[in-house]
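Trainee: Supplied in structure tokens, the structure appears directly below.
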Amino acid sequence: MAEYQPTFEAMRAHNRATNESTPDELWLLEHPSTFTQGLAGKSEHILSAGNIPVVKIDRGGQVTYHGPGQLVIYLMLNMRGRNFGVKSLVMRLEQSVIDLLAEYGITSGRQTGMPGVYVVTDGVVAKIAAIGLRVANHATYHGLSLNINMDLEPFSRINPCGYAGLATTQLSALGVRDNTQVVGEKLLTHMKANLYG
């Protein structure tokens, strides 16, 4: 379990130190309960934070929630010399989650204009993975979160990613029993295929 603020500061420090020869790093972790508000974040999207801290950060997007039972992968990717840009990177990350869910027999996809990965349950479109990145010094930080087996109640205290009433779901609700570490290792395999394959 990694506290959010020190992790955020470590990401920024890593980004500032990145040069042409810095290798990529992927950090897999879980955070204690935290709301994070991106650069475009509007306070009205935080409905009732209660005792959960709200941290203003420098990624794109609005507000989201991190908590135990959610896999977070931070991508310290050196973008120098890559043959794709940020929009393609987001699509590759989304595809990695889609490929992972397909491995579990779960159909998922994208929603136009709404980064992340979504599933349809009982006729309702629900978000299962969120993506938010920052690019500086020709490198990325922040990344993606995938809901695995967590308390989803805090999502009802916000408009997730700025969308009022957006439903959220998780792998455990879709019959997946693997824990965060197992899911993380499987997702890493798909991410490496989509980023470097």
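The values are calculated or read from the model by the stated rules, or taken from the named source; none is laboratory data. This is a predicted model, so every value here is computed, not measured. Don't worry about glycine lacking a Cβ; one is built from the backbone with ideal geometry, like all the others, and counts go over all protein chains shown. Quick note on the areas: whole protein, heavy atoms, side chains included, nothing else; ligands and nucleic acids left out. Shrake-Rupley method; radii C 1.70, N 1.55, O 1.52, S 1.80 Å.
Trainee: Which of (1) open to solvent by 70 Å² or more (accessible area, probe 1.4 Å); (2) in contact with a helix residue (DSSP H, G or I) (Cβ under 7 Å, 6 or more places away or on another chain); (3) of a type outside the set (Lys, Arg) is the odd one out, the single condition residue 26 does not satisfy?
Mentor: Residue 26 satisfies every listed condition except (1).
Trainee: Checking residue 164 against (1) in a loop (DSSP other than H, G, I, E, B); (2) of a type in the set (A, V, I, L, M, F, W, C); (3) at positive phi, which single condition isn't satisfied?
Mentor: With (1) in a loop (DSSP other than H, G, I, E, B); (2) of a type in the set (A, V, I, L, M, F, W, C); (3) at positive phi applied to residue 164, the lone miss is (3).
Trainee: State the number of residues belonging to the range 93-114 that are surrounded by fewer than 21 Cβ atoms within 10 Å (Cβ to Cβ) and either acidic (Asp, Glu) or in a strand (DSSP E or B) (or both).
Mentor: Number of matching residues: 6.
Trainee: Here's a follow-up. Looking only at residues that are acidic (Asp, Glu) and at pLDDT 95 or above in the range 119-176, which one is most open to solvent (accessible area, probe 1.4 Å)?
Mentor: By that ranking, first place goes to 151.
Trainee: Follow-up question, since we're still on this one. Considering only the range 15-36, how many residues are of a type outside the set (Val, Ile, Thr), farther than 24 Å from residue 182 by Cα and under 19 Å from the mean Cα position of the chain (by Cα)?
Mentor: Looking only at that region, the number is 2.
Trainee: Hey, among the residues in the range 177-197 that are out of contact with any strand residue (DSSP E or B) (no Cβ under 9 Å at 6 or more places or on another chain) and over 20 Å from residue 30 (Cα atoms), which one's most open to solvent (accessible area, probe 1.4 Å)?
Mentor: Filtering first and then ranking leaves 196.
Condition check ((1) of a type outside the set (Val, Ile, Thr); (2) open to solvent by 70 Å² or more (accessible area, probe 1.4 Å); (3) over 22 Å from residue 148 (Cβ atoms)) across all residues:
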| site | (1), (2), (3) |
| --- | --- |
| 2 | yes, no, no |
| 19 | yes, no, yes |
| 37 | yes, no, yes |
| 42 | yes, yes, yes |
| 49 | yes, no, yes |
| 54 | no, no, yes |
| 59 | yes, no, no |
| 70 | yes, no, no |
